[in-house]
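Let me begin by presenting the structure, written as structure tokens, before commenting on it.
The values are calculated or read from the model by the stated rules, or taken from the named source; none is laboratory data. Since the structure is predicted, the reported quantities are computational estimates derived from the model, not experimental observations. Positions of Cβ are backbone-derived with ideal geometry, glycine not excepted, and every protein chain shown enters the neighbour counts. Keep in mind that these areas ignore ligands, DNA and RNA; they rest on the heavy atoms of the full protein, side chains included. Shrake-Rupley method; radii C 1.70, N 1.55, O 1.52, S 1.80 Å.
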Amino acid sequence: MKRPNPVQWLGYSAGRVLPDDLREWVRNDLTGPWAVPRHIVRQLVPLVPIFALAFLLPGELWLKLAVILLGLLLALFYIVAYMPMNREHRLVKHGLPADLENPARAARRAAERAAYEAQYPH
């Protein structure tokens, strides 16, 4: 599977659309294994310069680190809270269905549904 180069990946993390030949990579990135940790890292990358600016604030080092930690915790809260909407938006931007999900998760859910219906028929 073709991967984006570092410049393309940085653009992708900032919201840019990757070329069509990377669509399969985007599908795997958004629905494959480890999609949640990759999403968190991808969303934190554009915030690194903002966190770095905290070192320019006046005050002791512990205070600067506390400001960064507070910003990081707030960012993580919103990153996780808006993950499904962000994922759907990225899928649509890259020409993929908005309801696309992890194939292993979909198969597991279908098997659970079949087992449930076999145990409790209508």
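Key figures
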{"item": "Cα gyration tensor, the chain - rounded (a/c under 1.5), prolate or oblate", "result": "oblate"}
{"item": "The range 84-89 - phi-based ³J(HN,Hα) in whole Hz, Karplus 6.51/-1.76/1.60, Gly and Pro as x", "result": "x, 5, 5, 4, 4, 4"}
{"item": "I40 - accessible surface, heavy atoms, 1.4 Å probe, Å² rounded to 10", "result": "40 Å²"}
{"item": "Theoretical ellipticity at 222 nm over the chain - DSSP helices of four or more residues, -39500 (n - 2.57) apiece, nearest 500", "result": "-20500 deg cm²/dmol"}
{"item": "Backbone N under 17 Å from the V36 label point (7 Å along Cα→Cβ), restricted to the range 82-99", "result": "82-88"}
{"item": "Computed label-point distance, nm, for sites H89 and L53 using a 7 Å Cα→Cβ extension", "result": "2.0 nm"}
{"item": "Spin-label model distance (nm) - A98 vs Y82, 7 Å beyond Cα toward Cβ", "result": "1.6 nm"}
{"item": "The chain, accessible area per residue, ligands and nucleic acids excluded (1.4 Å, Å²)", "result": "71 Å²"}
{"item": "Computed over the range 6-119: relative contact order in percent, which uses C-alpha pairs under 8 Å that are six or more apart", "result": "32 percent"}
{"item": "Efficiency of FRET from Cβ geometry, R16 and L70, R₀ 25 Å, rounded to 0.05", "result": "0.30"}
